[in-house]
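A.B. asks: Quick one: this structure, given as structure tokens, is what I'll be asking you about.
The values are calculated or read from the model by the stated rules, or taken from the named source; none is laboratory data. The model shown is predicted, which means the values in this text are computed figures rather than measured ones. Because the Cβ atoms are built from the backbone with ideal geometry, glycine has one as well, and the counts that use them run over all protein chains shown.
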Amino acid sequence: MKYVLMVLVLCLSAMAGAQNTQSTEQIRAQMAKIRQTTNWDDPAAAAKANAEIKRLAGQLTGGKSPFTPPTTGNSQAQAGSGKPSANSVSTKTAAATKESIVAIANRFYNRSYMTLDAVSKSQFDQDLRTAATEEFSINAVKRLASMGGTLISMGDDHNQACVYITSAIKAMPTDTLSINNFGAYLRIIDSINTSIPVLLYANKLYGQSPIILTQLGCSYFEINDMKQAEFYLKEALRNDPDFGQAHTALCDFYIKQNRLQDAILELFAGVKGIGFSYSQASKNFSYLKSQAENSPGGETEKEKFWKETRNQMNPPDALASLVPEVDRLKMPAFGNCAMISDWMEGGGYASAVQGYTRFHGQLTSFVKEFQQVQNEIPNLPPNAVLRDYPNERFALDCITEYFFKESKDASDDFQGTVDEIIDGIKADAEVYFQNAERIVQEYTKCTDGCGTDNYCINECTRVYCTSECPAANKFNSQLQGHFNDYLEAFNETRDEQKRILNDLYEFTGQWFAKIESPYWSRIYAYEIQRVALTIIGNAYMAYQQPFPAPVHNVCGTDCSLYANPYPIPPEEVAKKTPKANNCPPDKKVDIGLAMCSIAFDCESVEFGCSAGAAFSLKKNFINKSTTAFVGVGAEAGAGFARASATAGFTMTRHANGDLDVGAKAEVTGRLGPVGKNFEGTVTVMEGSKADSKDVFGL
């Protein structure tokens, strides 16, 4: 409230002696033209422009200046009538008389004059004498009142301002400017209760001044008389609907009453009416946003707040662009893989991650630049003051905050959809893998009983695939369906983020164009790009969505292959190795021929004689050797019993041509046709060997 009053006092000081000969629209157009055509980096041009804007602002007090010198009656009649407007609230105004106001002024004058230092007192006495020599004419009185208003705003001793204002009142109690400035002074030094009768008296002098009515509303607000406060603030706007300070005061009023929707309307009206400082507007906006976000009304209250913000931030009367348009970023194109197999196994997802990594590097680089720009100090000529651009900066803050939130809401909505999709995938996957575990267990049990039977194993595999193949196909189909839902959701959020990005530039461009200052325009160009990169980043984040890969198995995808049992193969021919007859190695057949005999076993045939001199010839069919024997022999027999013996030398030729020599001794005994043969040999190459065989003789 105090900030509003300081502005009011400055306006009143600048209005002294001004005449309102133009319409409100003409004055505003003239002020806008000055703002566009002034070189604000030139101190002299800036000072001249500010002075002219202040003069024009002084005329925006309700159509006709309430401080025009009272000449012939119109103004004086109004001042003396004291008639309230038709809609006035009944108020006790007994203390708001000329005499009571003069008494109050005199009391404050005496108190403040005593506190002045010598220099200030000397300066005031000189100015007062000058006014006295002019017989306290209207111009002299207004000069005193204007000096008091200036000292209230720019001085460092409120007592010095007080003596100027109160001396003007004592000299001319019907001067509206002096009375209003005195009321403002009382409010500034926190004499709120005393300010009310003074301002009521000023309102009696001129009941159409939005400045006086606004100050009255503020005073009643500060003493918690809400009914009177709202009445006077609305009265101010009834007389001047564009009076920014009244809108600002009503915004504070509605915030205190928690009437958030009314407050947001008054907030933007106050900004457009130049009734806010940048810091005050930002503070109120942050408070209203916080209240809306946390309101028990939930989403409805938030939507109302941001909808009104969007409506208010689209100025229909945007000025022509005076600076180059901020460089626009475009939403990048994102490739779509139609099949989930291409996305997860064909490189689609990997490409998305690589794209986001590159964007993140760009974003990191921008953040460093952004921080440097925020820390820059404006380069101003000597004695120059940085122009604040409160309306434009506040509007851009609201717009960037709005579209930052819009992008985040769109991102959150998309994430909610994706979460539902992922939940669906998890549910389908749980069913599939539980079923797959059961099928594998059945397959393992089946193959364990097959041993090495390939037909059995193949049949187990067929039975396994009759269950696994359709189950895998079903899960992969479900997975593809979920991926299609994701693609649809992503395309929608990408288009929505693109619309938000375009709207960000459309809305900010109209306000950004009004900022002529290189310093502020650079800061807000980076601020706009910060939000633009955030919007693009939300699209990138939505794009790099991982999914489970499709399942694969030995069965393939054509399940019809496993409809019939595995075919029984033709009976295989037994593999058998030919074998020789089973000849006992320890059996020998001996056939007698007079004094000689022929003996053969499984390996060889031998012919020999043993009566006196003994000789034999033996052929071995296994090792292909031939052995000749020469020696002596003896034979005897009685009845069925017979025995023979030989001893001598042997010579053996092997199949490879080798010749081996040795000695052999052999004894054979038979009883009837059967008997036993014992043979011992010693050779050079094979060494000694003993052998015995059963003999069957004929």
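A.B. asks: Would you check if there is a residue in segment 234-245 being buried (at least 21 other Cβ atoms within 10 Å of the Cβ), at negative phi and of a type in the set (Lys, Arg)?
C.D. replies: The answer is no, given that none of the residues of segment 234-245 is buried (at least 21 other Cβ atoms within 10 Å of the Cβ), at negative phi and of a type in the set (Lys, Arg).
A.B. asks: Have a look at Leu116, Leu128, Leu144 and point out the one that is more than 60 Å from the chain's Cα centre (by Cα), assigned to a loop (DSSP other than H, G, I, E, B) and either modelled with pLDDT of 90 or more or surrounded by 13 or more Cβ atoms within 10 Å (Cβ to Cβ) (or both).
C.D. replies: Details: Leu128 fails: assigned to a loop (DSSP other than H, G, I, E, B); Leu144 fails: assigned to a loop (DSSP other than H, G, I, E, B).
Selected residue: Leu116, the only one of Leu116, Leu128, Leu144 that is more than 60 Å from the chain's Cα centre (by Cα), assigned to a loop (DSSP other than H, G, I, E, B) and either modelled with pLDDT of 90 or more or surrounded by 13 or more Cβ atoms within 10 Å (Cβ to Cβ) (or both).
A.B. asks: Now for a different question. Of the conditions (1) polar (S, T, N, Q); (2) part of a helix (DSSP H, G or I); (3) within 53 Å of the chain's Cα centre (by Cα), Asn224 fails just one. Which one is it?
C.D. replies: Only one criterion is unmet by Asn224, namely (2).
A.B. asks: So Ser610 clears everything in (1) at pLDDT 75 or above; (2) of a type in the set (Ser, Thr, Tyr); (3) surrounded by 14 or more Cβ atoms within 10 Å (Cβ to Cβ) except one condition, right? Which one?
C.D. replies: So Ser610 meets the others, but not (1).
A.B. asks: Any residue in segment 653-664 that is under 19 Å from Asp590 (Cα atoms) and part of a strand (DSSP E or B)? Give the steps one after another, and end with the answer.
C.D. replies: Going residue by residue through segment 653-664, those that are under 19 Å from Asp590 (Cα atoms) are 664.
Within this subset, residues satisfying the condition of being part of a strand (DSSP E or B) are 664.
Yes: one or more hits.
A.B. asks: In addition: Please work out if Lys619 is at pLDDT below 80 and surrounded by 11 or more Cβ atoms within 10 Å (Cβ to Cβ). Before you say what the answer is, go through the steps one by one.
C.D. replies: On the way: at pLDDT below 80: yes; surrounded by 11 or more Cβ atoms within 10 Å (Cβ to Cβ): yes.
Taking the combined requirement at face value, the residue satisfies it.
A.B. asks: Check Thr466, Thr461, Thr493 and return the single one that is assigned to a helix (DSSP H, G or I), surrounded by fewer than 21 Cβ atoms within 10 Å (Cβ to Cβ), of a type in the set (Val, Ile, Thr) and in contact with a Phe, Trp or Tyr (Cβ under 6 Å, 6 or more places away or on another chain). So that I can check it myself, show each step before the final result.
C.D. replies: Details: Thr461 fails: in contact with a Phe, Trp or Tyr (Cβ under 6 Å, 6 or more places away or on another chain); Thr493 fails: surrounded by fewer than 21 Cβ atoms within 10 Å (Cβ to Cβ).
Matching residue, one of Thr466, Thr461, Thr493: Thr466.
A.B. asks: Moving to a separate point now. May I ask you to list pairs of residues, at least six apart or on different chains, whose Cβ atoms are under 7 Å apart, with the first in segment 350-376 being assigned by TED's automatic domain parsing to the domain that holds Tyr543 and the second being outside any helix (DSSP H, G or I) and surrounded by 12 or more Cβ atoms within 10 Å (Cβ to Cβ)?
C.D. replies: Short answer, once both residue conditions are applied: Ala352/Gln544; Val353/Gln544; Tyr356/Gln544.
A.B. asks: For Thr174, which of the numbered conditions (1) under 48 Å from the mean Cα position of the chain (by Cα); (2) not in a helix (DSSP H, G or I) fails to hold?
C.D. replies: So Thr174 meets the others, but not (1).
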